[in-house]
């Protein structure tokens, strides 16, 4: 059974290859979307190549609704987006995938039934399909190579809907080991200052204090672990030993 998540319906218009339908199903389910409709698939339905490509998302294909025309597929929808990478001589709102899916989230929350149309692989949606949509989703692709694979376009749109409906996750840094303490960072800074002082780095003398402050500021911006600090101490010690051996 379909999930109860509020979401847009993704409608594949006259898809040509079963593999691409399967890839679209897989892309949708990657981001928790499972409302698929298909109109007039070229190679018939059901399609075993679609099932094979869908892998763990085969349920979406089992539950996909089949329609003959675009009009039939969108008949119960209240707001429809049409995806295209090409310029169209149509007066409609044109949105990026990010803006469109943010808007779709709000429309769905207000009780509207939203759909997104995806065109066939060879040339995308025809104007006769796009005129039935309320707005256009235009993917900002390379104008020298504007063609997007069906699965890629579905993946991109599903991802943007997921982003629009998911709380922002705080940025994290993966690391192994404990973070260095302030005292360990201060000892590292002092070690480098002492050695650099001996090497004559802080020159001219009157600029020494500001140069040391800049160096301390550099260390403070680095999220170092205890292992990192130990390694940096070791690097400096080895360089000093190497210099002393060369004299």
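Within region 116-125, being modelled with pLDDT under 95 and either surrounded by fewer than 15 Cβ atoms within 10 Å (Cβ to Cβ) or in contact with a strand residue (DSSP E or B) (Cβ under 7 Å, 6 or more places away or on another chain) (or both) holds for 119, 120, 122, 123, 124, 125.
Could you pull out the residue among 73, 52, 40, 24 that is within 21 Å of residue 164 (Cα to Cα) and touching a residue at least 24 places away in the same chain (Cβ under 8 Å)?
Values: 73 fails: within 21 Å of residue 164 (Cα to Cα); 52 fails: within 21 Å of residue 164 (Cα to Cα); 40 fails: within 21 Å of residue 164 (Cα to Cα).
The conditions single out 24.
The set of residues in region 203-231 that are more than 45 Å from the chain's Cα centre (by Cα) and part of a loop (DSSP other than H, G, I, E, B) comprises 203, 204. Restricting attention to region 64-76, does a residue exist that is under 20 Å from the mean Cα position of the chain (by Cα), outside any helix (DSSP H, G or I), buried (at least 19 other Cβ atoms within 10 Å of the Cβ) and in the same structural domain as residue 141 (by TED's automatic domain parsing)? No, the conditions are met nowhere in region 64-76.
Inspect all residues belonging to region 156-173 and state whether any of them is touching a helix residue (DSSP H, G or I) at 6+ places or on another chain (Cβ under 9 Å) and modelled with pLDDT under 85. The answer is no, given that none of the residues of region 156-173 is touching a helix residue (DSSP H, G or I) at 6+ places or on another chain (Cβ under 9 Å) and modelled with pLDDT under 85. Residues that are part of a loop (DSSP other than H, G, I, E, B), farther than 20 Å from residue 28 by Cα and out of contact with any helix residue (DSSP H, G or I) (no Cβ under 6 Å at 6 or more places or on another chain) do occur in region 98-110.
The values are calculated or read from the model by the stated rules, or taken from the named source; none is laboratory data. Quick caveat: nothing in here was measured; it's all calculated off a predicted structure. Glycine also receives a Cβ, built like all others from the backbone with ideal geometry; neighbour counts cover every protein chain displayed.
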